[in-house]
Structure formats: C-alpha cells, structure tokens
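Beneath this line is the structure, given in structure tokens, with notes to follow.
The values are calculated or read from the model by the stated rules, or taken from the named source; none is laboratory data. In this text the structure is predicted, and so the values were computed from the model without any measurement. Cβ: placed from backbone, ideal geometry, glycine included. Neighbour counts: every protein chain shown.
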Amino acid sequence: MLCVWRHGANTSYAIHREVLSLHPSSSLALTTITTYLSRLVDKGYLRAERRGSSTLLTYVPTVAFPDSLRRETLRFCVDYFVGDSLSRQILNDALSTLPVEMETVL
C-alpha cells in the first residue's frame with residue numbers, strides 16, 4: 001500500500017518494480033504482487049481500472065493513508081484487548097465516526 005500511496009495510480013508492473021527497488025533482496029514474483037493487489041481490491045483498499053483499450057489494470061487507492069492507519073490500529077486494539085465476542089460491536093460503534101467511505105471498506 002505504501003507504494004500505491006506514494007505514487008498514486010499505477011500498474012502491477014510498476015508496483016512490482018517499486019517493491020523490488022525498495023527491497024532488492026526480495027524475490028517476490030509479479031504474480032505474487034498481482035495477487036496481493038487483487039486482495040486489496042477485494043477488501044476495498046484499492047480500485048482496479050482499465051485505461052483505454054489496455055488489458056493492464058491500474059490500481060488506485062480508495063483509502064487515504066491516515067484513515068487506513070487509524071482504522072487498522074483501532075481494529076488491532078479492539079481485537080487484542082477485548083476479544084471476539086464484543087469486539088465487532090465496539091469496532092462498529094467506533095468506526096461510525098469515520099467518513100462514509102471508510103465504513104464501506106469494512
């Protein structure tokens with residue numbers, strides 16, 4: 001996500017190159033990055049778009065960095081300190097104060 005937030009909309013090829021430049025010892029394949037990006041699309045963190053007649057997908061962030069960090073921190077704290085039975089209700093109550101686009105991600 002940091003690569004997408006840093007550079008905005010980009011293809012899986014460009015994101016793969018960025019990941020490898022940041023972590024030269026990594027041996028992540030393009031297919032691994034593409035799978036990860038598609039999972040982020042499924043979760044609502046990214047949106048996949050086709051530009052023109054190209055078959056390549058361009059991935060666009062749908063969540064701003066501070067909002068995502070706040071949501072994930074809150075989710076971790078609730079799960080860690082409260083547990084499963086009550087955590088979903090507390091999380092939903094706390095997240096009701098976030099912008100509408102954040103609620104659709106969950």
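The numbered conditions (1) surrounded by fewer than 16 Cβ atoms within 10 Å (Cβ to Cβ); (2) charged (D, E, K, R); (3) modelled with pLDDT under 85 are all true for Arg71 except (1). Within the stretch 54-68, take every residue that is surrounded by fewer than 17 Cβ atoms within 10 Å (Cβ to Cβ) and not in a strand (DSSP E or B) and give me the one that is modelled with the highest pLDDT. So, considering only residues that are surrounded by fewer than 17 Cβ atoms within 10 Å (Cβ to Cβ) and not in a strand (DSSP E or B), the one modelled with the highest pLDDT is Leu56.
Return the total of residues in the stretch 9-35 being assigned to a helix (DSSP H, G or I) and exposed (fewer than 15 other Cβ atoms within 10 Å of the Cβ). Walk me through it before giving the result.
Going residue by residue through the stretch 9-35, those that are assigned to a helix (DSSP H, G or I) are 12-22, 30-35.
Right, trim to exposed (fewer than 15 other Cβ atoms within 10 Å of the Cβ) and you get 13, 21-22, 30-32, 35.
Going through the stretch 9-35 one residue at a time, the tally reaches 7.
Does Leu86 meet the test of being modelled with pLDDT under 70 and part of a loop (DSSP other than H, G, I, E, B)? Lay out the reasoning, then the answer.
Working: modelled with pLDDT under 70: yes; part of a loop (DSSP other than H, G, I, E, B): no.
No: the conditions fail for Leu86.
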